[in-house]
Amino acid sequence: MIAYLQCINKTCQEKFPITTKTYHCSKCKALLDVNYNFAKIDAQELKTRFRERRNSFVPIDQSGVWRFRELIPFLTDEQHIITLFEGNTPLYDAPKSAAYAGLKKLLLKHQGLNPTGSFKDNGMTTGIAQALALGAKAVACASTGNTSASMAAYAARAGMLAAVFIPSGQIAYGKLSQSLDYGAKTLQIDGDFDTAMQLVLELSQESDLYLLNSINPFRLEGQKTIAFELLEQCAWQVPDRLVIPGGNLGNSSAIGKGLAEAYQLGLIDRMPKMHIIQAEGANPLARMWAQGEREKLLAVEKATTLATAIKIGHPVSWQKALRALDWCKGGGCHQVSEQEIADAKAIIGSDGIGCEPASAVTLAGIRNLVNDGIIDKEEKIVAILTGNLLKDPDYTVNYHLDSLYQKSQTKTEIIDQQNKIVAHFANQPIQVSAEKTVIKQVLGL
Ligand SMILES: *Cc1c(COP(=O)(O)O)cnc(C)c1O
């Protein structure tokens, strides 16, 4: 078998068989990677093969994850693959967003156009495959919404029990509705994401539940392919910078690993820089980055942000994310305000693209980095949009009605009207009587 689990701690690096059901190194407790003894590859031949699979009708070829299967070779039996045809998401040119950030050009890779509306699908197809390979009957996750939506869908198709742990009243309805509809046992935990995460981690160690949070390295193997697909869409010409939202920090870690492997295998000839963007109220890595702290997590005890997908104070994959920043030298981790997120989201919408609030941190972050002279306006920048606009319609409608509040907004959170977000780019609905003359006047006809 060419695949094995390996401890990420440089002074440990213990290896474990790929079939070990564990999420931490049993020696030193650090996180694990799925690593491979890759045979020497013919990069050109492989690129052609990846591309040709897009013309195939075989399900695993149609998947935007499994069509890169030579680079995620951990399965011994392809029968374990459950695909909803994830990945294969568009790379959009976004001129209004580019102008807003002060760039000549900006590309947005929209992972929100996955089957359940977020990049979690890229990782769930590989996570569920490993669950099946291990003979698991039940899978579990703590979630701010998108992981549970995705896990519920893939578990339903795999015929497994799905148990999702969500912070009570803190997830967007679009996401909650998915987990209910796909039949997951949906447990609303009295506590925040970090509490739910700790609970499910302990339960999965004490029981047969197979944990599918991004602490599970098989999830990250699927998310790694986002890097491959994006490089393919750039004709394998490496962009100058990738910009990625940071919550639990699995996705930035996964994309960093994909880039590093693509570089080692000779699929690309250099590494891009990477920027991870967090919300100001959920900024553990941004704080560490700013303070030069690299060894100890500066956890945020009570994370706050309306971008609920990144409302995480104790990110599980912080060490892997730091490693990714190290591999992609010259980037960093930065924070943006709620006001900046809200305005950036409306601008992305004005390009006809749209995304959920957590995704908009990218454009807000890029704009600040251009203003600060860190990014040059000529550079080739790709931002990852992580989730679909329709996941959290409350946020968007409240913004455009100019009634979005920093510390509240959904009916389920305590209203604090002190911290109002100014809707600089509001597009208010217009109340008109049902008369053609009036309508013509309003529309300037
Ligand atoms: C999960 C998620 C994130 C955060 O990704 P991490 O891997 O936890 O850093 C950001 N945006 C959306 C829409 C998500 O669903």
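The values are calculated or read from the model by the stated rules, or taken from the named source; none is laboratory data. Computed from a predicted model, the values in this text were never measured in an experiment. Please note: Cβ atoms are built from the backbone with ideal geometry, for glycine as well, and neighbour counts cover all protein chains shown. When the accessible area is computed, the model is the full protein with side chains, heavy atoms only, and any ligands, DNA or RNA have been set aside. Shrake-Rupley method; radii C 1.70, N 1.55, O 1.52, S 1.80 Å.
With within 15 Å of the ligand (Cβ to nearest atom) and either over 24 Å from SER252 (Cβ atoms) or in contact with a helix residue (DSSP H, G or I) (Cβ under 9 Å, 6 or more places away or on another chain) (or both) as the only criterion, which of LYS175, LYS185 stands out? None of the other options fit; the residue is LYS175. Just to be sure, is LEU180 in contact with a strand residue (DSSP E or B) (Cβ under 7 Å, 6 or more places away or on another chain) and open to solvent by 10 Å² or more (accessible area, probe 1.4 Å)? So LEU180 fits the description; yes. Determine whether the stretch 230-248 contains at least one residue that is part of a strand (DSSP E or B) and of a type in the set (Phe, Trp, Tyr). No, the stretch 230-248 contains no residue that is part of a strand (DSSP E or B) and of a type in the set (Phe, Trp, Tyr).
Close contacts from the stretch 35-46, counting a first residue that is more than 16 Å from ILE268 (Cβ to Cβ) and a second that is aliphatic (A, V, I, L, M) and part of a loop (DSSP other than H, G, I, E, B), with Cβ to Cβ under 8 Å and a gap of 6+ residues or different chains, come to TYR36/ILE2; ASN37/ILE2; ALA39/ILE2. Of all residues in the stretch 120-143, those being open to solvent by 20 Å² or more (accessible area, probe 1.4 Å) and within 16 Å of the ligand (Cβ to nearest atom) number 1.
For beta carbons closer than 6 Å, sequence separation of 6+ or different chains, a first residue in the stretch 113-138 that is among the charged types (D, E, K, R) and a second that is assigned to a loop (DSSP other than H, G, I, E, B), the qualifying pairs are ASP121/GLU86; ASP121/ASN114; ASP121/PRO115. Inspect the stretch 31-40 for any residue being of a type in the set (Ser, Thr, Tyr) and either over 24 Å from the mean Cα position of the chain (by Cα) or modelled with pLDDT under 95 (or both) and give the result as yes or no. No, because not a single residue in the stretch 31-40 is of a type in the set (Ser, Thr, Tyr) and either over 24 Å from the mean Cα position of the chain (by Cα) or modelled with pLDDT under 95 (or both). Checked against (1) open to solvent by less than 50 Å² (accessible area, probe 1.4 Å); (2) touching a helix residue (DSSP H, G or I) at 6+ places or on another chain (Cβ under 7 Å); (3) within 29 Å of ASN248 (Cβ to Cβ), PHE85 passes all but a single condition, namely (1).
Go through the stretch 269-283 and give me each residue that's more than 11 Å from the ligand (Cβ to nearest atom) and open to solvent by less than 10 Å² (accessible area, probe 1.4 Å). Within the stretch 269-283, PRO272, MET274, HIS275 meet the criteria. With respect to the conditions (1) part of a helix (DSSP H, G or I); (2) within 13 Å of the ligand (Cβ to nearest atom); (3) in contact with a strand residue (DSSP E or B) (Cβ under 7 Å, 6 or more places away or on another chain); (4) not β-branched (Val, Ile, Thr), LYS345 lacks only one, and its number is (3). Checking the structure you have, find out if any residue of the stretch 108-118 is open to solvent by less than 10 Å² (accessible area, probe 1.4 Å), assigned to a helix (DSSP H, G or I) and within 16 Å of the ligand (Cβ to nearest atom). Within the stretch 108-118, one or more residues are open to solvent by less than 10 Å² (accessible area, probe 1.4 Å), assigned to a helix (DSSP H, G or I) and within 16 Å of the ligand (Cβ to nearest atom).
When both residues are 6+ apart or on different chains and their Cβ atoms are under 7 Å apart, which pairs have a first residue that lies in the stretch 68-81 and is assigned by TED's automatic domain parsing to the domain that holds LEU265, and a second that is surrounded by 15 or more Cβ atoms within 10 Å (Cβ to Cβ)? Pairs found: none. Identify all residues within the stretch 366-389 that are free of Cβ contacts under 8 Å to residues at least 40 places away in the same chain and assigned to a loop (DSSP other than H, G, I, E, B); write none if there are none. Within the stretch 366-389, ASP372, GLY373, ILE374, ASP376 qualify. For the stretch 145-172, residues that are within 15 Å of the ligand (Cβ to nearest atom) and surrounded by fewer than 22 Cβ atoms within 10 Å (Cβ to Cβ) total 1.
If a residue must be part of a helix (DSSP H, G or I) and either on the phi > 0 side of the Ramachandran plot or open to solvent by less than 100 Å² (accessible area, probe 1.4 Å) (or both), how many such residues does the stretch 426-436 contain? The number of residues fulfilling the criteria is 0.
So that you can scan it fast, the table gives a plain yes or no per residue for (1) in contact with a strand residue (DSSP E or B) (Cβ under 9 Å, 6 or more places away or on another chain); (2) within 13 Å of the ligand (Cβ to nearest atom); (3) outside any strand (DSSP E or B):
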| residue | (1), (2), (3) |
| --- | --- |
| GLY266 | no, no, yes |
| LEU285 | yes, yes, yes |
| THR305 | yes, yes, yes |
| LYS320 | yes, yes, yes |
| ALA324 | yes, yes, yes |
| GLN335 | yes, no, no |
| GLU340 | no, no, yes |
| CYS355 | yes, yes, yes |
| SER359 | yes, yes, yes |
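For GLN62, indicate whether it is open to solvent by 20 Å² or more (accessible area, probe 1.4 Å), within 24 Å of the chain's Cα centre (by Cα) and not aliphatic (A, V, I, L, M). Answer is yes for this residue.
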